[in-house]
1. Taking 0.36 nm per residue of separation and subtracting the Cα-Cα distance, what length does fully extending A:ALA373 through A:LYS14 add?
2. Taking R0 as 45 Å, what FRET efficiency do you get between B:LYS167 and A:GLU302 from their Cβ-Cβ distance, rounded to the nearest 0.05?
3. How do A:GLU280, B:GLU206 rank when sorted from fewest to most other Cβ atoms within 10 Å of their own Cβ?
4. Along the Cα-to-Cβ line of B:PHE50, 7 Å from the Cα, sits a label point; which residues in the stretch B:155-176 have backbone N less than 11 Å from it?
5. Neighbour counts of other C-beta atoms within 10 Å: give me A:HIS209, A:HIS111 arranged from fewest to most.
6. Stretched out fully, how many nm does the piece from A:LYS310 to A:ALA96 gain, at 0.36 nm a residue minus the Cα gap?
7. Which value in Å does the Kirkwood hydrodynamic radius of the stretch A:163-282 take, with 1/r averaged over all unlike C-alpha pairs and then inverted?
8. Using the basic label-point model (7 angstrom from Cα toward the beta carbon), what is the B:TRP70 to A:ASN89 distance in nanometres?
Amino acid sequence: MSISWLDDFRQHAKTQFEQTGFPSNRLEDWRYTNVSAMAKKEFPLATMASSPVFEGSKGGSAFHFVLVDGFFNAELSNLPKTITVCSINDAIKNHADLLQSKFNQAITQTHGFIDFNTANFTDGLFIHIAENGVLDKPLQIIHVATQAAILPTRHVVILEKNAKATLIETFSSSENNAYLTNSVAEIFVGENADLTVYKVQQESETAYHFGGNYVQQADNARFTHHNFALGSVLARTDIVCDLATAAECELNGLYLGSQKQHLDNFTRIKHLQPNGISREFYKGILNDRARGVFQGRIVVAEDAQRTDSKMNNRNLLLSNEAEIDTKPQLEIYADDVKCAHGVTIGQLDEKSIFYLQSRGIDEATAKHILTFAFANEMVDKIAIPSLRESVFNLLLTQFPEGAER
Amino acid sequence: MSANNDEINSLLNQEYKQGFVTEIEADTFAAGLNEDVIAQLSKVKNEPEFMLEYRLKAFRHWQTMPSPDWAQLKIDPIDYQAISYYSAPKSKANAPTSLDEIDPEILEAYKKLGIPLAEQEQLAGIAVDAVFDSVSVATTFKGKLHEVGVIFCPISEAIREHPELVKEYLSSVVSVGDNFFAALNSAVFTDGSFVYIPKGVRCPMELSTYFRINASNTGQFERTLIIADEGSYVSYLEGCSAPQRDENQLHAAVVELVILKDAQIKYSTVQNWYPGDKEGKGGIYNFVTKRAYCKGDNSKVSWTQVETGSAITWKYPSCILKGDNSVGEFYSVAVTNNLQQADTGTKMIHVGKNTKSTIISKGISAGKAQNTYRGLVKISSKAENARNYTQCDSLLVGDKCGAHTFPYVEVRNPSAQIEHEATTSKISEDQLFFCQQRGLSAEDAVSMIVNGFCKQVFKELPMEFAVEAQALLGLSLEGSVG
């Protein structure tokens, strides 16, 4: 079935993509990330898998929305009854007016990955929480890749006034093969609504990942995002938030790179109206030949007086071949503001190492413990115990020596 | 609150005090730029053959380059064919050898700027190389410097008299094709200063250059080359101003510093080019490439700049820290008011072991101005134990201006220690209240707070300049304080 309004978007995006292709690193926002090797792979578009090898976990402490190779799998999923959660393809049929009014509206600036997504997305999540609605358990969006293909998915998340929800989005694969995840989420957080999103990216070690969240926050809306970038050979996360009056935005992130991984974290927080608050805290640990990128931009528009904004980026380099490129930016057009950013790149604190050594721990172990603790600070911010535990365990596999005590 | 802002704004209106025009006869080329103009320029300046080749190479490269557009600046297109590339005060047959031969009108102009050359010779102990439009008019104190072996002369003279030094070091730091404006400068530079400090010499006085654009429709393209040989030290000061004119004038300078083993250069700038009027009409486009090459071990360079003038500033004094244990410093105060725009900062490229750099940048934005800090700290993989500390603070005065901070940090060595901090705020109500409650007027309070904000930078300036810088800051922001 062809839907004309959507076809217009798709056609336009397709034309756009044909002209620009995937972003070139001559673009300022992509200067540290070169995707030409990925573009050369020319992955085919994914098709619906006949028999997924993935075992769904029914029930438990969360709802599940499962996407296998970018297609919604109802059998493996477990959705809430009282709140509108469905695949975006269902929403095109059943919630056409609402979807049409929001689709593509959160994306203020586009690039090749977004255009490709708009033109080609196969499926995705649609969630609509009505006024005062509360999603009583977290909803986990589970992406599983089985094919060597491009997996474009598109989510539209709408929280009306006073609504509240928590989403967990996980990316993983059943085979250890190369593929490209291309996931775009448009998020609308209504007046005084509250949304928390956890992203755990554990793609296969040869996979490519692009994940973008484009967020519109109404007055007094709260948006919190926790980003754990662990897998894939090249991964890029975009988090772009536009804040209305007294909106609050908190972005936390941890990127752990080893081998030849390249992990790019791009964030942009735009305060459009007065009294907004934003807090951003990203940490990176880079080992072997890994390269980490942090690009954080805070924009305070002329009307956004009394904005309070802080950004912090801390990095540890563990090897001679690792690299970190960081670009924290403040762009401020209002005068009555409190804005600050800080960056550190360095080693573990000598005094802390000495302290542990004085307690009988050898230097190597002391370093492992401190490195683990450096990363664990971000894990501790997870409010859901079961998720915190599983991310903690992922951390343990990266730094097994760190948790000996 | 808004009452306070109005008060501050009303204090911002002040006249540009250096905006006088000096009536002197000048030799000026017709506007336009092509290879013939460059050949003519080289001929007028009586340059050896290698310089003409150098200029033509730069010009040919420049023609292939696009004008840079990445800065946070709105620049009206510049018609490079509408600029005259050479303007010299009409001289007698020979260049002047002493102050007595200088056109009294020019001397008068400098006096208005507050640098009476004659007086300085006796009192201040600063050797001045004054560049009026495109040529150096007088270099004071030559004799005394000659005794210790310091060469301080116009670069055009150095090209004729010390070609071996010029050949070795010119463009060794900023290559002819480095960037659009540097290439243009290499093709058409008319004059500038040349300094050579021999081995082990501590330059007995501070060297100073004063730049002034006088003729209309001319660009000023000066070139400065300073070489500090092993174990030497020099402190160099640079000041700039221009008359008030309705059209924009281009100033595209290149400064190259070469610092050998154990040597040190301290380079201070007070830039007060005409900033344009309140509607943004006129003013200087200040597009400058400044770079220091710490070539030898234990070398040190320190840039200090106070930027209050120019309609548009595009300037990134940089340090390449090649020698082991070399040190780079950058201290900057950039003030923009009315419709001024500044995109300025530094680059610290760490190549050698145990290299250290410090960046202190203070931006003050008022009126409808846009003030941007843009900086790069790069630690290459060989630079063991590199250390950088960066602090960029921005102060906003009024709700129509902008302050932006765009640092880039690229680290490829795990032993590096990098700290970067940036803040943006306005003058706090609490601080103002505290001062006023203790009997200071609002304007005194603002002046005091702004001066305190800049103090970290001002204390790096040589004494004479520190006084001038504070006065300029007062001029730019407070008007009639006290």
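The numbers here are math on the coordinates, done by the rules we state, and not lab data. From a predicted model like this one, the values you see are computed outputs, not experimental measurements. Quick reminder, even Gly has a Cβ in these numbers, built from the backbone with ideal geometry, and neighbours come from all protein chains shown.
1. 124.7 nm
2. 0.30
3. B:GLU206, A:GLU280
4. Answer for this model: B:159-160, B:162-170.
5. Ascending number of Cβ neighbours within 10 Å: A:HIS111, A:HIS209.
6. Taking 0.36 nm per residue and subtracting the Cα distance, the gain is 73.1 nm.
7. Here the Kirkwood hydrodynamic radius works out to 14.7 Å.
8. 4.4 nm
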